[in-house]
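One structure below.
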Amino acid sequence: MKRILIVEDEKNIADVERDYLEIEGLSVTVENNGRKGLTRAEEEDFDLIILDIMLPDMDGFEICRTIRKTKDTPIIIVSARTEIIDKVRGLGFGADDYISKPFDPSELVARVKAHLAKYERLKGKSGENSMEICYKDLRIQPLSRRIFYREEEVFLTAKEFDLLYFLASNPNRVFAKDAIFKKVWGMDSFGDAGTVVVHLTHIREKIPMDYIETVRGVGYRFTMTDE
Ligand code: CA
């Protein structure tokens, strides 16, 4: 369930916002002062934040800026004053959208849903980055199955890729040739562990730096150190 944080000091407005969003199946948390709102936004992971600007203890701009230092959660600013909306529009406070009070609640719902969907897409794209393995000039992208060495693409065959990715995603562990063969080629494949050696040789020819260490008499490992 998507979680929405509303920071709003006017109870009746917060109630209307909450009601409309809950009908849409969203989970809503309301904080009626700025500091508590900010703390919540920083400590918990919301999918979207609806932020009032005129709060008794802390202004919404400051909250918005502070959240942006650490999070990219979509923020919709709500304000009754048009000059504030102009300010939001003109300056980079990091808000994603703004709505002026009084507003039509269904308009708010529509904007919330649009931003949730957009954020979801952005997170989806960054999914590749989060699975990426980067180590000393080498970058492996498992979803698009691409490999870069010093930002230049290296073209491996499918099995070469699988082999390198398998070892790189289990760093510092030694795998025997047989184990690697079973993992990468599958239990029922024909061939033998010698295939692994041949493929490793090809990988070493294609990537200028040797990332795979041969552990004599035992097998191979992709060594990753902190330096
Ligand atoms: Ca207010």
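Under a 5 Å amide H to amide H cut-off, with H placed in plane at 1.01 Å, what residues pair with residue 223 once short-range neighbours are removed?
Long-range HN contacts for residue 223: 172, 213.
What figure in square angstrom, to the nearest 10, would you give for the accessible area of residue 68 with a 1.4 Å probe?
Result for residue 68: roughly 70 Å² accessible.
Over 18 Å between Cα atoms: which of 71/118; 69/101; 177/206; 136/177; 159/182 fall into that group?
69/101; 177/206; 136/177
For the stretch 1-74, what does the convex hull of the Cα positions come to per residue, in cubic angstrom? Walk me through the intermediate numbers first.
Numbers: hull volume 5.1 nm³, N = 74.
Per residue, the Cα convex hull of the stretch 1-74 comes to 69 Å³.
Taking only complete DSSP H runs, can you tell me which helices of the chain stretch 20 Å or more along their own long axis by Cα positions and average at least -1.0 on the Kyte-Doolittle scale? Write out the running numbers ahead of the final one.
On the way: long enough: 105-131 (39 Å, -0.77).
Helices meeting the span and hydropathy rule in the chain are 105-131.
How big is the dipole moment of the chain about its Cα centre under a simple scheme where the beta carbon of each Lys and Arg is +1, that of each Asp and Glu is -1, and everything else is neutral? Debye, nearest 20, please.
That gives a dipole near 880 debye.
Kirkwood Rh over alpha-carbon pairs of the stretch 3-122, then Stokes-Einstein at 10 °C and 1.306 mPa s: what D in µm² s⁻¹, rounded to an integer?
On the way: Rh = 14.0 Å.
D = 114 µm²/s.
Across the stretch 133-222, how large is the tail of the calculated P(r) beyond 21 Å, expressed as a percent of all Cα pairs?
25 percent
Looking at the P(r) of the chain, how many percent of alpha-carbon pairs lie beyond 23 Å?
59 percent
Rank these by accessible area, largest first, 1.4 Å probe: 64, 134.
134, 64
How big is D, in µm² s⁻¹, for the stretch 98-183 by Stokes-Einstein at 4 °C and 1.567 mPa s if Rh is the Kirkwood radius over C-alpha pairs? Could the numbers behind the result be given before it?
Working: Rh = 16.3 Å.
In µm²/s, the coefficient is 79.
Given the rule -39500 (n - 2.57) for each run of at least 4 DSSP H residues, summed and divided by the residues of the chain, what is its mean residue ellipticity at 222 nm, to the nearest 500 deg cm²/dmol?
-14500 deg cm²/dmol
Which percent, to the nearest 5, of DSSP beta bridges fully inside the chain are antiparallel?
DSSP beta bridges in the chain are roughly 45 percent antiparallel.
Which of the listed residues, 195, 115, 63, is farthest toward the dipole's positive end in the chain, when Lys, Arg count +1 and Asp, Glu count -1 at the beta-carbon?
So the residue we want is 195.
Explain nothing, just the number: dipole magnitude of the stretch 133-222 about its Cα centre with +1 on each Lys and Arg Cβ and -1 on each Asp and Glu Cβ, in debye rounded to the nearest 20. Show your work: numbers first, answer last.
On the way: 14 positive and 12 negative charges, 45 e Å.
Charge dipole of the stretch 133-222: 220 debye, to the nearest 20.
The values are calculated or read from the model by the stated rules, or taken from the named source; none is laboratory data. The structure presented is a predicted model; accordingly, all values stated were derived computationally and were not measured. Cβ coordinates were reconstructed from backbone atoms using ideal geometry, including for glycine residues, and neighbour counts include every protein chain displayed. Calculation scope for accessible area: heavy atoms of the full protein, side chains included, ligands and nucleic acids excluded. Shrake-Rupley method; radii C 1.70, N 1.55, O 1.52, S 1.80 Å.
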